[in-house]
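Here the structure is laid out as structure tokens; the discussion comes afterwards.
The values are calculated or read from the model by the stated rules, or taken from the named source; none is laboratory data. Since we're looking at a predicted model, the values are computed, not measured. Cβ sites come from the backbone with ideal geometry, for glycine too, and all protein chains shown count toward neighbours. The accessibility values were calculated without ligands, DNA or RNA, using every heavy atom of the protein model including side chains. Shrake-Rupley method; radii C 1.70, N 1.55, O 1.52, S 1.80 Å.
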Amino acid sequence: MSKVSCTHCNLEFDEEVMIKEKDENGRQLYFCCKGCQGVYHLLNEEGLGTFYDKLGDTELQPATQSSEDLEKFDLEGFKNKYITTRNDGLQEIYLIIEGIHCSACVWLNEKVLHKTDGIIEASINYTNNKAKVVWDPEVIPLSKIIETIRSIGYNAYPYDPRLQEERAVKTRKEYYSRILVGVFGTMNIMWIAIAQYAGYFSGMKQEFKDILNVAEFLLSTPVLFYSGWIFFRGAYYGYKNRVVNMDTLVASGALSAWLYSIYAMLTRHGEVYFDSVVMIITFVLVGKYLEVLSKKQAVDTLDSIMGSTPTEVTTVADGIKSLVSIENIVIGDIIELKPGEKVVIDGKVTRGEASFDESSLTGENEPVYKKEGDTILSGSICLDSVIHYRAVKDASGSLLNSIVTLLEESITKKPKIEQLANTISGYFSTTILAIALLTFAGWYYFSGSFEQALIIGISVIVIACPCALGLATPMSTLVGVSVAAKRGILFKEAAFLETMAKSDLLALDKTGTITEGRPSVVNVEIANGFDPALLYSLVSTSDHPISKGVVRYLQEEYGALQPLPLEDIKSIEAKGISARYKSRKIIGGNPELMEASGISVAHDSDNSLFLFAIDETLVARLELTDTIREDAAKTIGKIKEMGIRVVMLTGDHEKSAQKVARAVGITEVHAKLLPQDKSKMIGQFHNEGHIVVMAGDGINDTIALASSDIAIAMGSGADIAISVSDVVLIDEKPNSIYESYKISRRTFRAVKENLGFSILYNTIAVPLAVAGFVNPLIAALSMSLSSLVVVANSLRIKRLKF
């Protein structure tokens with residue numbers, strides 16, 4: 001009985017069990033089930049029939065229309081755990097798509113999702129089948145999206161890092177078992193090869209030689225097809241997608257040698273090269289395994305930031321304690337923390353006091369004392385007391401989760417230099433294959449020896465190493481990101497390492513970046529009519545550091561003040577605040593605001609000034625100064641020594657800015673800048689040809705941060721400043737800016753060293769192989785060593801001294 005392939009999934013079945021129909025052109029169609037029939041018509045109705053041209057003869061799983069368990073995707077607990085709700089109301093999730101075999105599968109899923117109403121974005125990473133989906137929950141629920149994916153023959157489940165870990169362990173075990181077979185075959189075939197070589201020089205009867213050849217054949221075959229299956233699989237998918245890769249080179253080289261050796265064994269003409277086949281597969285496989293281990297080690301460094309994160313916390317409500325999943329914690333819940341427990345939700349202490357280990361966040365080993373009213377951050381560990389604290393963020397918004405999300409995203413974004421290397425690597429493999437064929441043809445033509453020509457051609461294929469070229473950038477950036485993370489520096493994308501390494505200008509905000517952002521009152525002049533309660537009511541409406549400094553002064557000086565009911569409160573950009581109390585007009589802010597209101601004041605202080613007026617009469621003059629951050633001057637000096645131009649951009653007045661600038665060694669100061677003025681200065685620096693890094697922490701820095709090439713935000717800065725930043729400094733130390741530069745430049749240097757070595761290696765090795773000076777065994781060893789040199793050089797970044 002004849003078998004036919006299903007028109008959709010390409011699986012073969014007996015013709016009589018198939019569902020038959022004809023299309024409008026009279027072509028016979030066969031379907032193995034109603035699911036495949038339905039998907040075929042769905043794709044053609046949606047104009048996606050070209051999927052089958054891209055699919056070729058790749059086999060798929062038969063389509064299923066299962067609606068089981070769909071309701072779980074719309075449950076509240078599932079939403080809290082896996083779905084992120086964005087500021088614009090859209091929802092976002094990362095999914096693993098099951099059943100993807102090739103780029104055609106990726107194309108199909110993305111096309112179908114893009115055509116679905118309510119889905120804003122759908123992008124799938126072919127290497128790990130991870131999909132990012134953004135949708136409008138008011139138009140389509142997640143369950144409907146999953147149902148759509150299932151309807152075209154695939155399945156989807158939420159991305160979970162623990163599943164990724166299981167996948168990594170499974171990959172290591174697979175490599176390990178294949179390497180064991182390879183090593184066993186190599187060790188045994190070497191003994192036979194020694195006898196073969198001895199017989200070659202001293203003479204050996206043909207029947208003994210035949211026995212040894214058969215033994216080598218039996219040992220090399222499982223090594224080639226079991227241990228080397230990884231290369232054949234990679235070469236197959238490369239062929240399906242019209243890509244010549246490293247796997248193509250290894251598989252074609254080893255298979256050619258194996259086939260020729262069988263020919264030599266059966267015809268008793270020429271020498272066999274089964275030992276070379278085994279060596280090629282085993283050496284390259286061990287090299288790939290070491291690469292996998294090195295990548296895993298670098299990722300483990302990132303994972304160590306999370307450590308063993310609890311999945312439940314103890315909440316206290318009406319005197320009753322209960323264990324609650326962290327996904328179900330809402331802002332305002334009271335959480336109990338015991339000694340030794342890790343904080344997983346950001347909050348403020350409401351009862352008790354304790355010391356906390358924040359080393360995983362800041363790198364500082366010294367415990368930090370926290371009391372009632374202090375903020376505690378997720379990722380820190382309570383050391384010595386039981387405390388209660390109020391959640392100020394949910395699990396998804398807490399610092400620890402933000403760090404992990406940033407790191408996961410950072411290692412998936414490719415720098416421009418890596419994209420270039422990947423492009424070159426693709427052309428490189430095709431070029432090497434062409435050179436090997438020309439080498440074979442040339443040697444065969446001039447020497448007349450098919451055996452010699454084939455072995456030299458195989459050596460050319462095997463010795464070339466696009467793998468080292470492909471590894472040059474991702475390995476270095478992966479290590480660079482992990483080293484930075486361990487020091488409390490979070491690069492949102494690995495690509496930002498490259499940009500920062502090329503930067504030649506650093507723009508610094510003053511308040512909160514160079515200084516601690518906690519101005520304190522150092523001098524006060526009060527006139528008749530001053531009302532501390534009125535001033536307290538006015539400054540309490542602002543989050544500006546100067547206002548907060550005035551609030552602290554009033555609380556210390558006058559005790560507990562009751563805020564008065566103000567009306568018509570207005571925040572005047574970069575100047576101050578105005579309001580009305582009953583029939584009185586009150587204003588507070590800098591000298592520019594006073595002069596704009598018709599009140600003349602003296603500019604005779606190097607400190608920041610806060611002036612308070614009631615009904616256009618000045619009643620208080622407060623001078624404030626901010627503490628310069630520890631090591632700020634030393635850090636700026638080290639940055640300038642790197643050849644980087646350092647400038648200060650601040651909204652403060654000229655004298656105050658110059659005072660701080662002199663203290664830290666900055667000679668170029670731009671003061672009295674509005675937020676848009678800072679952005680214009682960044683634009684001016686760009687016009688001068690500079691690559692600009694901007695560091696700031698406030699809302700007023702947001703426009704300038706967004707305009708810069710690299711935006712650095714302090715970890716405790718405004719949420720909007722952190723959201724537009726490219727690098728986040730958890731420990732907020734100025735020295736972390738210097739360390740960011742140093743890590744970026746060291747990483748970029750390693751990338752260039754790796755690329756240089758890869759190019760040099762191939763420039764020397766390939767001509768030697770073409771000239772016939774290298775046999776396949778040495779070629780395989782050289783290829784593996786070249787990859788390991790790249791990996792080892794990348795790991796040297798870990799030894800960077802600061």
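Which ones in segment 355-383 are small (Gly, Ala, Ser) and either at pLDDT below 85 or under 15 Å from residue 732 (Cα atoms) (or both)? Correct list: 355, 359, 360, 363, 378, 379, 380. When 737, 797 are screened for being open to solvent by less than 40 Å² (accessible area, probe 1.4 Å), at pLDDT 85 or above, part of a helix (DSSP H, G or I) and in contact with a strand residue (DSSP E or B) (Cβ under 8 Å, 6 or more places away or on another chain), only 737 passes. For segment 562-589, residues that are open to solvent by 90 Å² or more (accessible area, probe 1.4 Å) and among the small types (Gly, Ala, Ser) total 2. A single entry from 308, 322 fulfils the requirement of being over 30 Å from residue 454 (Cβ atoms) and modelled with pLDDT of 80 or more: 322.
Of all the listed residues (263, 200, 237, 226), the sole one being under 26 Å from residue 433 (Cα atoms), modelled with pLDDT under 70, assigned to a helix (DSSP H, G or I) and open to solvent by 40 Å² or more (accessible area, probe 1.4 Å) is 237.
Taken together, 192, 211 contain a single residue that is more than 30 Å from residue 73 (Cβ to Cβ), touching a Leu at 6+ places or on another chain (Cβ under 6 Å), at pLDDT 70 or above and of a type in the set (A, V, I, L, M), which is 192.
This table checks each residue for (1) in contact with a strand residue (DSSP E or B) (Cβ under 6 Å, 6 or more places away or on another chain); (2) at pLDDT below 80; (3) open to solvent by less than 20 Å² (accessible area, probe 1.4 Å); (4) basic (Lys, Arg).
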| position | (1), (2), (3), (4) |
| --- | --- |
| 253 | no, yes, yes, no |
| 258 | no, no, no, no |
| 268 | no, no, no, yes |
| 278 | no, no, yes, no |
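Look at segment 1-26: where a residue is more than 18 Å from residue 153 (Cβ to Cβ) and a partner is at pLDDT below 70 and part of a loop (DSSP other than H, G, I, E, B), sitting 6+ places away or on another chain with Cβ atoms under 6 Å, you get 14/1. For segment 654-667, the criterion of being farther than 22 Å from residue 519 by Cβ, surrounded by fewer than 17 Cβ atoms within 10 Å (Cβ to Cβ) and touching a strand residue (DSSP E or B) at 6+ places or on another chain (Cβ under 8 Å) is satisfied by no residue at all. Counting residues in segment 741-750 that are open to solvent by 50 Å² or more (accessible area, probe 1.4 Å) and at pLDDT below 85 gives zero. Scan segment 478-500 and give yes if some residue there is part of a strand (DSSP E or B), within 30 Å of residue 682 (Cβ to Cβ) and of a type outside the set (Val, Ile, Thr), otherwise no. Yes. Test residue 725 against the stated conditions and say whether it is at pLDDT 80 or above and open to solvent by less than 30 Å² (accessible area, probe 1.4 Å). For residue 725, the condition - at pLDDT 80 or above and open to solvent by less than 30 Å² (accessible area, probe 1.4 Å) - is not met.
The single condition among (1) assigned to a loop (DSSP other than H, G, I, E, B); (2) more than 22 Å from residue 735 (Cβ to Cβ) that residue 553 does not meet is (1). Could you tell me whether segment 144-160 includes any residue that is modelled with pLDDT of 80 or more and assigned to a loop (DSSP other than H, G, I, E, B)? Within segment 144-160, none of the residues are modelled with pLDDT of 80 or more and assigned to a loop (DSSP other than H, G, I, E, B). May I ask you to list the residues in segment 498-518 that are over 18 Å from residue 648 (Cα atoms) and modelled with pLDDT under 85? Across segment 498-518, the qualifying residues are 498, 518.
Set side by side, the residues 689, 588, 651 differ, and just one is closer than 30 Å to residue 726 by Cβ, outside any helix (DSSP H, G or I) and at pLDDT 90 or above, which is 689.
Could you list, in sequence order, all residues of segment 530-550 that are open to solvent by less than 90 Å² (accessible area, probe 1.4 Å), of a type outside the set (Val, Ile, Thr) and in a helix (DSSP H, G or I)? Steps first, answer last, please.
Taking segment 530-550 as the starting set, the residues that turn out to be open to solvent by less than 90 Å² (accessible area, probe 1.4 Å) are 530-542, 545-547, 549-550.
Filter once more, so that each one left must be of a type outside the set (Val, Ile, Thr): 530-538, 540, 542, 545, 547, 549.
Within segment 530-550, 532, 533, 534, 535, 536, 537, 538, 545, 547, 549 qualify.
Looking at (1) assigned to a helix (DSSP H, G or I); (2) among the aliphatic types (A, V, I, L, M); (3) at pLDDT 85 or above, find the lone condition where residue 521 falls short. (1) is the only condition that residue 521 fails.
Looking across segment 590-610, just one residue is touching a residue at least 40 places away in the same chain (Cβ under 8 Å) and surrounded by fewer than 15 Cβ atoms within 10 Å (Cβ to Cβ), and that is 603. Exactly one residue among 617, 635 is hydroxyl-bearing (Ser, Thr, Tyr) and surrounded by fewer than 15 Cβ atoms within 10 Å (Cβ to Cβ), and that residue is 617.
Screening the candidates 336, 327 for the property of being in a strand (DSSP E or B) and either open to solvent by less than 60 Å² (accessible area, probe 1.4 Å) or within 17 Å of residue 394 (Cα to Cα) (or both) yields one hit, 336.
Residue 626 satisfies every condition listed in (1) open to solvent by 30 Å² or more (accessible area, probe 1.4 Å); (2) touching a strand residue (DSSP E or B) at 6+ places or on another chain (Cβ under 8 Å); (3) modelled with pLDDT under 90; (4) farther than 16 Å from residue 538 by Cβ except (1).
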